[in-house]
1. Run the quick spin-label model on residue 88 and residue 310: label points 7 Å from Cα toward the beta carbon, then report their separation in nm to one decimal.
2. With every atom except the alpha carbons ignored, what do you get for Rg and Dmax of the stretch 170-221, in angstroms?
3. Can you give the extra length, in nm with one decimal, that the chain gains between residue 299 and residue 383 once fully stretched, where that is 0.36 nm per residue apart less the Cα-Cα distance?
4. For residue 345 and residue 74, compute 0.36 nm times the residue count separating them, minus their Cα-Cα distance, and round to one decimal in nm.
5. So how do 141, 300 line up by other beta-carbon neighbours within 10 Å, fewest first?
6. Taking a cut-off of 24 Å, what percent of all Cα-Cα pairs in the stretch 277-435 are separated by more than that?
7. Can you sort 102, 421 so the residue with the fewest Cβ neighbours within 10 Å comes first?
8. Can you tell me the dipole magnitude for the chain around its Cα centre, using point charges on the Cβ only (Lys, Arg +1; Asp, Glu -1), in Debye to the nearest 20?
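Since every read-out is calculated from the coordinates, none of them should be taken as a lab result. Since the structure is predicted, the reported quantities are computational estimates derived from the model, not experimental observations. Glycine also receives a Cβ, built like all others from the backbone with ideal geometry; neighbour counts cover every protein chain displayed.
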Amino acid sequence: MGITIFARGALLLAQGIICMATSMPVWAETPQLALPQAVEYSLRNNGELQSFRQERGIRDAGKVRAGLLPNPTLDLEAATGALTGSNAESSLSIGISQEFFMAGKREKRLAVAEFEQEIYRWQLADRERMVRREVTMAFHDVIHAKKRIELADRAIDLNRQLLDVAMERLAAGDIPELEMNLVKVELARSEGFRINLAQALNQSRAALWTLMGLPGGESPEIAGSLDAEAAMPKPLVDPTRLKRLANENRPDLKALEAEGKRGEADIVLARAEGVPNLTAGVAVTRDTTSMEIGGLEGNDTAYAIGLKLSMPIPVFDKNQAGVQEARARRDGIESRLLAARRQIELEVESACAGYLNNERVLSLYKTNIIPQLEENLKLTEEAYRLGEVGILAVIQEQKKFFEVSEGWLAALHDMQAAFVMLESAVATELAGGTQ
């Protein structure tokens, strides 16, 4: 019996472990959340995307509705002569009628519904493109905020080291107490600045979690880099080539093209709607009448089967207004498509220019500014240690170093953002593939 209880307990434990493993988020398998995982999770769990995916049922219902035939009509008619003194006379008619589409209306409505589904698919792809861009930008915002905190930590460490040197020189009588107080002020200022940066990091994380559709209480660690060369491939920035890729791959453009096709189908359907439908019906009638022959009265019952065909005569209304409305919508879609093509070309040109400008800025920082600043800071700190310069010179050099380092991080972040905007404008992963 003990073995049986142990076996049941082991089975329940195994089932619990399996349930926990299957319910864990995608980042539970790894200690940190990388950008591809964040994008993949967002495409599955973003709230707006999920809501728009539910609208697929509306398009499916529209196609079902377009393929349905009108319901048949049941006709029932009864008459009696009791109110006019002819109690023996009566009639009863039961019939059924069905409306039939003419000019292929059903097939044309199905064609319009299929174009609606195609438009929806491209609209969904465009929303996924926008979510991918927003999540990537938010992810880099978090990395940028983390790097700024690392820079603030370095400033705190340098100020603490400077305070130790200042205290040693004060004890030796080399400097006045005012210099040590100035270092304490700089240390407190850098610590306060780090607190503000931590708040900015929390806000950036909250924005990313919202875009990802992350459940409450989940806060995975973000893994990534702002290093442009290490984090992203260097694309061939050829505006002509990228414009061609955008025209081929942009889902919003594809959606407008599908709308144009639907506009043509609307015109065809509107013309077909000008042809009236045929209604055919069949009815069974029973008539009862009274007769008097030789002073004798009797009833005579007769049955008849009738066929009825009816169709409106298109004299005044040939759906001219519907055709005119469909043409106007089609013309409006063509204008929007032309405007969208021009807008996309401008967007690609702007993204290319932004990418190239940020590339030049990064080159200046990397080759000329950052290495020289590092050297200047070391020389100034060593000079203060030896008593060759005052504390103000050191503080000023540190401020300059961290201001420029902030600019360097901003340039790295802007480079990542420019690349994301370029990929989004082209709707193509420049490392290979399409969005």
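1. Simple spin-label model gives 3.4 nm for this pair.
2. Over the stretch 170-221's Cα set, Rg and Dmax evaluate to 20.1, 61 Å.
3. Values: separation 84, 0.36 × 84 = 30.24 nm, distance 13.31 nm.
My answer for the length gained is 16.9 nm.
4. Roughly 91.6 nm would be gained on extension.
5. Values: 141 20, 300 11.
Fewest to most other Cβ atoms nearby, the residues stand as 300, 141.
6. Everything past 24 Å amounts to 72 percent.
7. 102, 421
8. The calculated dipole for the chain is roughly 680 debye.
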